[in-house]
Amino acid sequence: MEDGYIERWRYLGAWLILLLSLVSLGGCLVTVEYGVGGTVTSSVERECFFNCAYNVGPGEDFERTFTAVPTGGWEFHRWRDSLGDGYSVCTSPLLRACPFTIVSLPELLDPFELTLEPFFLPNNGFRLTRLAYTTPTQMPGAFRQVSLTEWEQQLGSSVFRLVLENRTESSVSLSDASRKLLYVLNLGTSQVNFSKEGAALEVEGGITAATSRPTGWLVNWVSFGNSRGQARGEYRQVDEMSWQRFRRNRDEPNAEFVEEERGADTLVLRNLGNGKLLEFNFTTGDIRDPADEDVVVAVIQDWRQAVNGWNAYLVQFADMNSGEDAGAYVRVSEFGWEERGTATGDLRAQLVETRRDAIRIDLRDTNTGRVVQLRIRDGFVAESSSGVSVPIPKWDIVEIL
């Protein structure tokens, strides 16, 4: 796999058998894949990190924790796996550490295959939500997004409100009308710059940390499960302030909610039936009752943002007939895209963006001239070869971030 590695572990799993509610399973092949954006480590030191296989026989115990480690310029988003059937291998897929435990295996028969993959996203100005810096006098400072268009700056003990002006691949521009300041958070130079009343940019300080986790401000769908990794249902936003909860495989909602509060990492909903609050924390990956924060009500298994053509940075597609995953288009710069085998997998092609609006993104293959249309509203990817004027539908869009 280009720009990455593949780890493979073989094991037999009583835990997975219980999870799948099957009586007789045999040898289990587990593949842990990772490519662009990060690596995977094992809890056992100095284990091999390429094509590793573990054979666990009857009566043996096996325990490992696999941890996703993003490389510079990337952010861990979540674990994905091929387990299906309403289960997740990682009980908290939003956390970087994913434990496996197998205890005293019986004699088993039929083989089972499972793929586990960490999903990394590029850390850039389009998605920046937090930044820390230090001034030349060693005073700590920070910027954080507090709404769709507003940011806060903390400098020492002072807090200021700013408005988002512009985003590029490498920077975020913010303005403070009360102080007549323009700030540029420049990830390319690792500096915070400022301009007073239109003057030339000066250096405010050096960036010490930056975070581009998907922001809670745009969340419109959350799936949840129990602590054993079993899927239980989902929450869906149905209008500006209203949400509904659906139990797994049910078409009708079983509860209505109203949105009380949002943050970069949290969402708070109030149940219209009993008045209770639920807090969704996208950093810790759990759902809690704010009145009793020691109790985890449920575990967040996945979440999505309200996405359109203007803010999409990843489009995953599948075969129209079989539904099998076929690849992904990933935005890597202001106008640059890559086609990959998976969201973090082998590089297939480099493309340049030629059009973007709320419902569609057009790309051109820099090598072959092939035209690709990401039809966000219509739910498919259309393609044409060089010289053909009308792209035709080729793939189904299965996920947009």
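Taking region 136-207 and the strands (runs of 3 or more DSSP E) fully enclosed by it, the elements with 3 or more residues that are among the hydrophobic types (A, V, I, L, M, F, W, C) and in contact with a Leu (Cβ under 9 Å, 6 or more places away or on another chain) are at 158-167, 181-186.
S227 passes all but one of (1) touching a residue at least 60 places away in the same chain (Cβ under 8 Å); (2) buried (at least 17 other Cβ atoms within 10 Å of the Cβ); which number fails? The one condition S227 does not meet is (2). Cβ-Cβ contacts under 9 Å between residues 6 or more apart (or on different chains), taken from a first residue in region 144-163 that is on the phi > 0 side of the Ramachandran plot to a second residue that is modelled with pLDDT of 85 or more and aliphatic (A, V, I, L, M), are listed as G156/M139. Return yes or no: is E165 at pLDDT below 95, closer than 25 Å to E334 by Cβ and among the charged types (D, E, K, R)? Spelling it out, E165 is indeed at pLDDT below 95, closer than 25 Å to E334 by Cβ and among the charged types (D, E, K, R).
Inclusion of T189 among residues that are within 17 Å of N123 (Cβ to Cβ) and either basic (K, R) or under 14 Å from the mean Cα position of the chain (by Cα) (or both) is not warranted.
Restricting attention to region 108-134 and to residues that are among the aromatic types (F, W, Y) and at pLDDT 75 or above, the residue that is farthest from A328 (Cα to Cα) turns out to be Y133.
Do we have any residue at all in region 382-394 that's surrounded by fewer than 18 Cβ atoms within 10 Å (Cβ to Cβ), modelled with pLDDT under 85, out of contact with any Phe, Trp or Tyr (no Cβ under 7 Å at 6 or more places or on another chain) and basic (K, R)? No, because not a single residue in region 382-394 is surrounded by fewer than 18 Cβ atoms within 10 Å (Cβ to Cβ), modelled with pLDDT under 85, out of contact with any Phe, Trp or Tyr (no Cβ under 7 Å at 6 or more places or on another chain) and basic (K, R).
Taking region 238-268 as the range and being in a strand (DSSP E or B), over 22 Å from R144 (Cα atoms) and touching a residue at least 24 places away in the same chain (Cβ under 8 Å) as the test, only W243 passes. Of the residues making up region 295-314, just one is closer than 21 Å to R348 by Cα and either part of a strand (DSSP E or B) or acidic (D, E) (or both), namely L314.
The values are calculated or read from the model by the stated rules, or taken from the named source; none is laboratory data. These figures come from a predicted structure and were not determined experimentally. Counting neighbours? That spans all protein chains shown, and the Cβs are built from the backbone with ideal geometry, glycine included.
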